[in-house]
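Q: One structure, as structure tokens, below. Some questions next.
The values are calculated or read from the model by the stated rules, or taken from the named source; none is laboratory data. Source: prediction; values computed, not measured. All Cβ positions, glycine included, derive from the backbone under ideal geometry; neighbour counts span all protein chains shown. Please note that ligands, DNA and RNA were not included when accessible areas were found on the heavy atoms of the full protein model with its side chains. Shrake-Rupley method; radii C 1.70, N 1.55, O 1.52, S 1.80 Å.
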Amino acid sequence: QTLDDVTFIADALLRHLDRYLARTWGDRVNTAVQIQAKAARARLLAFAPVQLKLFEEGWIIDSVERPLPPLVLNGLAISGRYDRLDRHRDGKIWRVFDYKTFSEAKNPEKTHLGKGDTAAPFTSRLAKRKADGSRGEEQIRRWKDLQLPVYYHALAPTLPDVPGSPGERPRLELGYLC
């Protein structure tokens with residue numbers, strides 16, 4: 001069994017949680033932790049079909065819980081960790097994810113972006129994807145929450161070239177899994 005079986009994925013996630021609880025708490029898991037563990041089990045079971053869909057789309061988990069490569073932005077040394085880095089099997093696209101535990105995904109645009117201009121720091125040119133997959137109108141936006149752009153600036157330069165295409169850089173996508 002592999003990542004193409006939702007039951008295998010769910011069982012593996014729950015086994016990992018149980019091992020963590022046993023290693024951390026042993027036989028003396030207090031009531032608060034039991035309640036949190038029950039909520040974590042529900043989130044993990046809900047996540048298993050999401051992981052299956054990612055696998056079916058060609059996404060492969062490259063690494064998890066790793067430190068960011070060294071990064072200096074505007075003279076400020078930044079350090080941190082990312083939760084998960086995936087690569088598409090064709091090697092042309094990578095994705096860095098941050099795991100979130102809220103029950104509903106927050107709107108990334110409203111949460112992280114404000115109106116920007118080209119002179120402002122931490123701006124990006126963004127275009128929403130249309131329902132048909134084509135690229136929408138481009139806008140300049142300012143990042144209010146710097147987590148995702150820090151991931152981008154730290155990781156994008158470290159990704160390998162697209163396989164079979166020396167010098168062709170892969171695209172790095174950013175997102176949350178909740």
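Q: For residues that are within 13 Å of the chain's Cα centre (by Cα) and open to solvent by 80 Å² or more (accessible area, probe 1.4 Å), scanning just the stretch 88-101, find the one that is modelled with the highest pLDDT.
A: Applying the filter and picking the extreme gives Tyr99.
Q: From the set of residues in the stretch 48-68 that are surrounded by 12 or more Cβ atoms within 10 Å (Cβ to Cβ) and part of a loop (DSSP other than H, G, I, E, B), which is farthest from the chain's Cα centre (by Cα)?
A: Gly58
Q: How many residues, within the stretch 78-94, are touching a helix residue (DSSP H, G or I) at 6+ places or on another chain (Cβ under 9 Å), part of a strand (DSSP E or B) and not acidic (Asp, Glu)?
A: The number of residues fulfilling the criteria is 4.
Q: Glu168 - would you say it is part of a loop (DSSP other than H, G, I, E, B), charged (D, E, K, R) and modelled with pLDDT of 85 or more? Step through it out loud before you land on a result.
A: Details: part of a loop (DSSP other than H, G, I, E, B): yes; charged (D, E, K, R): yes; modelled with pLDDT of 85 or more: yes.
For Glu168, the condition - part of a loop (DSSP other than H, G, I, E, B), charged (D, E, K, R) and modelled with pLDDT of 85 or more - is met.
Q: Identify the residue in the stretch 128-172 that is among the polar types (S, T, N, Q) and out of contact with any strand residue (DSSP E or B) (no Cβ under 8 Å at 6 or more places or on another chain) and, among all such residues, is nearest to Arg84 (Cα to Cα).
A: Thr158
Q: Looking at the stretch 138-150, is at least one residue in contact with a Phe, Trp or Tyr (Cβ under 9 Å, 6 or more places away or on another chain), within 20 Å of His88 (Cβ to Cβ), open to solvent by less than 50 Å² (accessible area, probe 1.4 Å) and in contact (Cβ under 8 Å) with a residue 60 or more places away in the chain?
A: No, because not a single residue in the stretch 138-150 is in contact with a Phe, Trp or Tyr (Cβ under 9 Å, 6 or more places away or on another chain), within 20 Å of His88 (Cβ to Cβ), open to solvent by less than 50 Å² (accessible area, probe 1.4 Å) and in contact (Cβ under 8 Å) with a residue 60 or more places away in the chain.
Q: Here is a follow-up. Condition first: open to solvent by 40 Å² or more (accessible area, probe 1.4 Å), under 18 Å from Tyr99 (Cβ atoms) and small (Gly, Ala, Ser). Now tell me which residues in the stretch 20-47 satisfy that.
A: Those that are open to solvent by 40 Å² or more (accessible area, probe 1.4 Å), under 18 Å from Tyr99 (Cβ atoms) and small (Gly, Ala, Ser): Ala39, Ala42, Ala46.
Q: Sticking with this one: Out of the stretch 1-42, which residues are of a type in the set (Val, Ile, Thr) and part of a helix (DSSP H, G or I)?
A: Result: Val6, Thr7, Ile9, Thr24, Thr31, Val33, Ile35.
Q: Something else now. Cβ-Cβ below 7 Å, separation at least six or inter-chain, first residue in the stretch 151-174 and in contact (Cβ under 8 Å) with a residue 12 or more places away in the chain, second open to solvent by 70 Å² or more (accessible area, probe 1.4 Å): which pairs?
A: Val162/Lys92; Val162/Glu168; Pro170/Lys92; Arg171/Lys92; Leu172/Tyr152; Leu174/Tyr152
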